[in-house]
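Working notes, beginning with the structure itself.
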Amino acid sequence: MVQEEGRQITVRILRGEGVKTQEVEYQVAVEPGWVVLDVVLHIQARMAPDLAVRWNCKAAKCGSCSAEVNGKPRLMCKTRLDDLDLTKPVVVHPIKTFPRIKDLVTDVSWNFEVNKKIQPFTPKKDAAFIYFQEDIDRVQEMRKCIECFLCQNVCHVLRNREQYQRFVGPRFFVRLAGLEMHPLDDADRLKQIEEDGIFLCNITKCCTHVCPEDIHITDNAIIPLKERVIDKSYSFWNWVLQPFSSK
Amino acid sequence: MSDYDPIDFDVLVVGAGGAGLRAAIEASARGLKTGLVCKSLLGKAHTVMAEGGVAAALANVDKDDNWQVHFRDTMLGGKMMNNWRMAMLHAKEAPEAVYELERWGAAFDRTEDGRILQRAFGGHKYKRLAHVGDRTGLEMIRTLQDRGVHQGIEVFMECTITHLLTDDGRVTGAFGYWRESGRFIVFRARAVVLATGGIGKMYRITSNSWEYTADGHALAYQAGAELIDMEFVQFHPTGMVWPPGVRGILVTEAVRGEGGLLRNSLNERFMQKYDPERLELSTRDLVSKSIYREVQEGRGTPHGGVWLDVSHLPADQVIKKLPSMYHQFKDLADVDITRSPMEVGPTMHYVMGGIQVDAETGASTVPGLLAAGECAGGMHGANRLGGNSLSDLLVFGKRAGAGAAEFARANSGKAGFDPEQVRKAERELLSVFEAAQGESPYDVQMTLQELMQNNVGIIREGSRLQLAIDELKKLRARAAHLCVEGSRLYNPGWHLGWDLRNMLTIAEIVARCALQREESRGAHTRLDFENTDKTKWEKLTSFARKRDGQLEIGTSSKGEMPPELKSLFA
């Protein structure tokens, strides 16, 4: 345990490599207005120079510093110490769903692989690119995503059931919804969306609750995508007419 | 230990912000095997933090706008120090660069008639900035990122380049380490594009992230390339000042673009004194200096800033057009900006100086080495206009990608390098683990930040610049005896130890160029030379380069503008 002078708080960080981990306790003198990331970087600079943590903007714009603070998935740069009960230790763990590399850093590369498989924006031929704000309000909501992967981290289908092969996770349904709702996009991703496991989602809204960008992931991305897939693939008339259709 | 199989690329791009991504997309689109290396995860580079917009004379809102006006604004904003060819190409090509992003899926805010909306910004005569609320950079980087990965660019995430490899004066590869494992990696490439961004982490109060450690500037310098304009460091007028944890975090210029007012503690709109015509939308150098003066003269806020106020605007408009500012102040400072003013002050934001490049191709003075974006110099002169960085990334990212592709094609023979260069790089990186005791890299960085903040900051004078140069020498001596704890596995202390070398090298160049320029111009203000010197210094560009192992600082004459461009300033 390491201690220093000033207004003290106790912080416990899960440290270690791979599966070998343990909580290490630090006594830290804090300044007004600090967020959890300030504390972690302070510990790194003064007490634990090899403490591994990801961060970039420190302003909730890049989505790098995701962690579980007192058991809650958060961006560390957006989590004020003032909002935590400082009579108890502040406990900082890495996000749980992805394999740990070291300390607070996890291997999130799976997400980048999934992203490659999504059919990109495909504009209509000779599109004039005239469209109106109300046409893209919902698209812009999806494009607010900062890829912090907190939604992936809390989704039961990934966190508990580990369906990495069958389910792309809320983040990528958000991307798919943004593409599908773009007024000039001409690709048909509905079959792919079904194969991406959209129906494995059982609408517990855990993803929505943790989204630091307040994207209504379940209501505005996943449910509309489910409806589109159902309308297209499972409508009564499709079922009746399918044997006669050439497609 | 040195038996690495080099990974071969035609074009290797270092840095995956807007410029690096756009360069890689261009090289790859031209059919060349392209690799992209970045220190962070993909999509987390500094571009993601850009807020206000991308400047391009689309004339969607103000019909009178055109490239000539944009060019003129850029040159006047840069106090005529800009490389006029770059400023011209930039103004001409920015509109197409923005439309290209739109075709790739970027969803900009719209005008009433369904086109890209544009907002006002400092130093721009017309409403010129295409934007998405106050998260334009996120929209840009995500669009480029998705375009890039679907085009087959190979991305090396969390990988740091520490050395350029050369063959007979030509850059032919790069050496670095994986941050995750600490293992080394060697690239062989026919052309290397540097797009590493800026130098902000040598200052205490900055809007820049940990990544901004002058890597590209230092890599180019060590390879023998020329750096220019390094005395010009931009302090953005509005960073957060309170509470201490958020000090320096950017408050977008879009706040003023949307009608935000600056006031001092006497409730005066002080910009009326300094720039009665443009007021809050004056250029950044002038607004920063004005804020600095108000605070120095005792008219500052309780925490040493000034007030920035949007509470007179309708609350729903503020939330719609400045959503991330609304949340940033609410979450981090307990301020509801629709009701109360923000407390703001200057924060180190951007370096105008950088690697000297050819305007058309992005080629540096070293064959095989190109540069684009913030690490390249010339485009912005003595002061960058807001919004001109995002357009710079697109225009010159594309040009550097094309330039690299052409160079790679023209030099298609096997690129090689002496393996001893790799062994030497290894030794340099590992030596810090051998020391049983020594300096903490974090301590040295903090000293560096104080030194630069206090002596090579917004207001300068000869004696303090000299002091900084002397102190930097001592700091370099301290940095030569670093001690790093732990293993090579994801070890930020080790990483910082190397980044420090880059920062110390470039910090000296900034200080020496600032000492050399005996006038005040744009972002460079000297108490001992308060006037702008239109006879001598207006015609001179500072340069820095390594010759025979030594730093050489000097000046070169600026090229003359052709008459048709000159006439725009009559």
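The values are calculated or read from the model by the stated rules, or taken from the named source; none is laboratory data. None of the values given here were measured: they were computed from a predicted structure. Every residue, glycine among them, receives a Cβ derived from its backbone with ideal geometry; neighbour counts consider all protein chains shown. All accessible areas refer to the heavy atoms of the entire protein, side chains included, with ligands and DNA or RNA removed. Shrake-Rupley method; radii C 1.70, N 1.55, O 1.52, S 1.80 Å.
Matching residues to (1) closer than 16 Å to residue B:331 by Cβ; (2) away from every other protein chain (no Cβ under 11 Å):
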{"site": "A:9", "(1), (2)": "no, yes"}
{"site": "A:22", "(1), (2)": "no, yes"}
{"site": "A:29", "(1), (2)": "no, yes"}
{"site": "A:42", "(1), (2)": "no, no"}
{"site": "A:63", "(1), (2)": "yes, no"}
{"site": "A:75", "(1), (2)": "yes, no"}
{"site": "A:82", "(1), (2)": "yes, no"}
{"site": "A:87", "(1), (2)": "no, yes"}
(Q) Is it the case, given these coordinates, that residue B:369 is touching a residue at least 12 places away in the same chain (Cβ under 8 Å) and over 23 Å from residue B:91 (Cβ atoms)? (A) yes
Residue hits (region B:17-43; part of a loop (DSSP other than H, G, I, E, B) and of a type in the set (Gly, Ala, Ser)) are B:17, B:31, B:40, B:43
Given (1) over 25 Å from residue A:212 (Cα atoms); (2) in contact (Cβ under 8 Å) with a residue 24 or more places away in the chain; (3) in contact with a Leu (Cβ under 9 Å, 6 or more places away or on another chain), residue A:50 misses just (2)
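Every residue, every condition in (1) open to solvent by 10 Å² or more (accessible area, probe 1.4 Å); (2) within 16 Å of the chain's Cα centre (by Cα); (3) closer than 30 Å to residue B:176 by Cα; (4) more than 14 Å from chain A (Cβ to nearest Cβ), yes or no:
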residue: B:34; (1), (2), (3), (4): no, no, yes, yes
residue: B:47; (1), (2), (3), (4): yes, yes, yes, no
residue: B:50; (1), (2), (3), (4): yes, yes, yes, no
residue: B:59; (1), (2), (3), (4): yes, no, no, yes
residue: B:76; (1), (2), (3), (4): yes, no, no, yes
Exactly one of B:106, B:87, B:120, B:97 is touching a Ser or Thr at 6+ places or on another chain (Cβ under 6 Å) and in contact (Cβ under 8 Å) with a residue 40 or more places away in the chain, and that residue is B:87
When region B:466-487 is checked residue by residue, the ones that are under 15 Å from residue B:450 (Cβ atoms) and among the acidic types (Asp, Glu) are B:470, B:471
- Do we find a residue being in contact with a Ser or Thr (Cβ under 7 Å, 6 or more places away or on another chain) and part of a strand (DSSP E or B) anywhere in region A:44-51? no
Over region B:209-237, the set of residues under 16 Å from residue B:453 (Cα atoms) and in contact with a strand residue (DSSP E or B) (Cβ under 7 Å, 6 or more places away or on another chain) is B:230, B:231, B:232, B:233, B:234, B:235, B:236, B:237
Among residues of region B:132-159 being among the small types (Gly, Ala, Ser) and facing another protein chain (nearest Cβ under 9 Å), the residue nearest to the chain's Cα centre (by Cα) is B:137
Given the conditions (1) closer than 21 Å to residue B:509 by Cα; (2) open to solvent by 10 Å² or more (accessible area, probe 1.4 Å); (3) not aliphatic (A, V, I, L, M), every one holds for residue B:407 apart from (1)
The residue from A:173, A:167 that alone is assigned to a helix (DSSP H, G or I) and touching a Leu at 6+ places or on another chain (Cβ under 8 Å) is A:173
The correct count of residues that are over 21 Å from residue B:5 (Cβ atoms) and part of a helix (DSSP H, G or I) in region B:383-425 is 22
Among the residues of region B:323-353, the number that are away from chain A (no Cβ under 12 Å) and either of a type in the set (S, T, N, Q) or buried (at least 24 other Cβ atoms within 10 Å of the Cβ) (or both) is 13
Residues of region B:505-529 being assigned to a helix (DSSP H, G or I) and surrounded by fewer than 24 Cβ atoms within 10 Å (Cβ to Cβ), in sequence order, are B:505, B:508, B:512, B:515, B:516
In the set A:97, A:122, the lone residue that is open to solvent by less than 20 Å² (accessible area, probe 1.4 Å) and either of a type in the set (Ser, Thr, Tyr) or in the same structural domain as residue A:169 (by TED's automatic domain parsing) (or both) is A:97
Those residues of region B:264-313 which are farther than 23 Å from residue B:349 by Cβ and of a type in the set (A, V, I, L, M, F, W, C) amount to B:266, B:313
Of B:220, B:225, B:254, B:214, the only residue that is in contact (Cβ under 8 Å) with a residue 60 or more places away in the chain, on the phi > 0 side of the Ramachandran plot and open to solvent by less than 20 Å² (accessible area, probe 1.4 Å) is B:214
